[in-house]
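The values are calculated or read from the model by the stated rules, or taken from the named source; none is laboratory data. Predicted model, so just to flag it, every value in this text is computed and none were measured. Backbone-built Cβ (ideal geometry, glycine too); neighbour counts: all protein chains shown. For accessibility, only protein heavy atoms count, side chains too; no ligands or nucleic acids. Shrake-Rupley method; radii C 1.70, N 1.55, O 1.52, S 1.80 Å.
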Amino acid sequence: MDLRLSEELRMVRDLARDFTEKRVRPLSAQIEREHRVPRELMDELAQTGLLGVAIPEEYGGAGLGETGLCLVMEEITRGDFSVAVTYGAHASIGAMSLQIGGSKEQKERWLPQFAVGSVLGAYALSEANAGSDPGAMQTLAVRDGAGWRLDGEKVWITNGDMADLVTVYAVTDRAKRAHGGITAFLVPSDSAGFRVGKREEKMGQRGSSTVTLSFEGVRLPDEYRLGEVGEGFKIAMATLDRGRLTLGANCLGCAREAHALSVSYANQREVFGKPLAAQQAIQWMLADNATELFAMESLVYRAAHMCDQGEPFSRESAMVKLFASEALGRIVDRAVQIHGGMGYSAEFVIEKLYRDARVTRIYEGTSEIQRIVIARDVLQRGA
Ligand code: COS
């Protein structure tokens, strides 16, 4: 298997790296302080063309697939996790349901707008009592003349207050639920009855907006239904297969940043008359970081390659999410330890990375859910 990057992929990675250094990193402290990623930054990202990196060329994107998306996510996360999550909620899971489940007409209408950022997307699956078990959702869509009427509430929706078009999953058959009873809808945020509710105050990734969305008798024409009636759960899961891969790339970017800061601090800080880096205890931590980074990188880009080749990759994407989020947890923990008291101080970025990292073991499926997905696949398809 050849994992070398094509000329185009290297160009897109360099573009994302350059944008991150010039525009994202300098704003990171402000984003953290104000708990807000400026919409203008998304507009600037749109101007680079990076919003459409994974959108097929026929729909106005760069057509660089999951590998392209992972490269961009990795780079942006190095500059600021919240910006990367805001980007991903649009370019990854926001656009992906449409790419997976949309008709030709729906893709022709919406994807070019997603690619240039004139329409921002979001993905709304979770509910207060349906997080790990989305089949238990209560949001209901019932036939209303030639269209649909939507009622319910979604929680933890990234970009919910910024998005123009939200993919909402709703029950259309209570008896069938995950097995043919859930349908996906494209819901414009200016629909009557669409409301943005509470904004979460979070431990980390504070700049990324996470809100409740409610739908009170939202009326939708049938052409806003995504995929067939009853096909929604599969579209939601296939979208998460992609999302979990790009999340692995987020973890990789954050871990690289923590490791680079640790190496630099270990070289400059002196203890017992010599640099920290001369202490074997510190060297072992750096060696473990470097090894886990190599493993993360290998998993992320091998699984992305499988996805881009059209091979099944559901088990592998769960493995990426599980391993990368847990390895990131170990790497940021070592980074705090290497920095000592400085790692615990809010004046240093390590403290922020530690907080930003924690949720990666929870959102888009907890580590325990990933183990369920992997174990089921092992038992059904073999080791
Ligand atoms: N791609 C396509 N279809 C899939 C799929 C996937 N990755 N995973 C499951 N399906 C299909 C199944 O094949 C099944 O189809 P049939 O009805 O034809 O049999 C259907 O979807 C239901 O699947 P399953 O029986 O496995 O559903 P469960 O309710 O047992 O749920 C898990 C399975 C646990 C994997 C799922 O609920 C899950 O991923 N939970 C976590 C959700 C999550 O990540 N939430 C975070 C919020 S999103 S930011």
Looking at the P(r) of the chain, how many percent of alpha-carbon pairs lie beyond 26 Å?
-> 51
Which ³J(HN,Hα) values in Hz, rounded to whole numbers, follow from the phi angles of the stretch 109-121 under the Karplus curve 6.51 cos²θ - 1.76 cosθ + 1.60, where θ = phi - 60° and Gly and Pro get x?
-> 6, 9, 4, x, 6, 5, 5, 9, x, 6, 10, 9, x
Hz values of 3J(HN,Hα) by residue in the stretch 178-186 - Karplus curve (6.51, -1.76, 1.60), Gly and Pro given as x = 4, 9, x, x, 10, 10, 9, 9, 8
With each pseudo-label sitting 7 Å past Cα toward Cβ, what's the residue 195-residue 174 distance in nm, one decimal?
-> 2.3
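Projected area of the stretch 268-383, taken from the Cα convex hull and averaged over every viewing direction, in nm²?
One quarter of the hull surface, i.e. the mean projection, equals 9.0 nm².
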Accessible area in square angstrom per residue, the chain, 1.4 angstrom probe = 44
Which one of 156, 120, 354 is farthest out on the positive end of the charge dipole of the chain, using unit charges on Cβ (Lys, Arg +1; Asp, Glu -1) and the Cα centre as origin?
-> 354
The stretch 52-94 - Kirkwood radius from inverse mean 1/r over Cα pairs (Å) = 10.3
Normalised by the number of residues in the chain, what is the relative contact order in percent for Cα pairs under 8 Å and 6+ residues apart?
-> 16
May I ask for the angle, rounded to the nearest 10°, between helix 314-339 and the longest principal axis of the chain, with both axes built from Cα atoms and the value confined to 0 to 90°?
-> 40
How much accessible area does residue 225 have with a 1.4 Å probe, in Å² rounded to the nearest 10?
-> 50
Which far-off residues, 5 or more places away or on another chain, put their amide H under 5 Å from the one on residue 127, with H placed in the peptide plane?
-> 155
Heavy-atom accessible area of the chain with neighbours in place, 1.4 angstrom probe: carbon+sulfur share in percent works out to 52
Could you give the dipole magnitude of the stretch 234-381 about its Cα centre, charging the beta-carbon of Lys and Arg +1 and that of Asp and Glu -1, in debye to the nearest 20?
-> 260
At most 16 other Cβ within 10 Å, DSSP loop - GluC sites (Glu not before Pro), the stretch 286-383 = 347
Can you list the lysines whose alpha carbon sits under 17 Å from that of residue 198, skipping same-chain ones fewer than 8 residues off?
-> 154
Note: residue 291 to residue 372 extended length (0.36 nm per residue) minus current alpha-carbon separation gives 26.5 nm
Relative contact order (%) - the stretch 224-297, alpha-carbon pairs under 8 angstrom, separation at least six | 27
By DSSP, what percent of the beta bridges with both residues in the chain are antiparallel, rounded to the nearest 5?
-> 85
What accessible area, in Å² to the nearest ten, does a 1.4 Å probe give for residue 305?
-> 50
Sum of -39500 (n - 2.57) over DSSP H runs of 4+, divided by residues of the chain (222 nm, nearest 500) = -17000 deg cm²/dmol
Between 0 and 90°, nearest 10: helix 367-381 axis offset from the chain longest Cα axis = 70
Under 5 Å, built H, 5+ apart or other chain: amide partners of residue 103 | 227
Taking a label point 7 Å from the Cα of residue 284 along the Cα→Cβ vector, which residues of the stretch 312-340 have an amide N closer than 19 Å to it?
-> 330-340
Karplus 3J(HN,Hα) series, Hz, for the stretch 15-22 with 6.51 cos²θ - 1.76 cosθ + 1.60 (x for Gly, Pro) = 5, 5, 5, 5, 4, 4, 5, 7
Calculate the spin-label point distance for residue 383 paired with residue 344, positioning each point 7 Å from the Cα along the beta-carbon direction, and give it in nanometres.
-> 4.5
Counting only the heavy atoms of the protein chains, how much of residue 123 is accessible to a 1.4 Å probe, in Å² to the nearest 10?
-> 20
Inter-site label distance for residue 11 and residue 133 at 7 Å from Cα along Cβ, in nm = 5.0
For the stretch 344-378 and the stretch 117-153, what is the separation of their Cα centres, given in Å?
-> 25
About the Cα centre of the chain, what is the dipole size in debye to 20, counting +1 per Lys and Arg Cβ and -1 per Asp and Glu Cβ, all else neutral?
-> 760
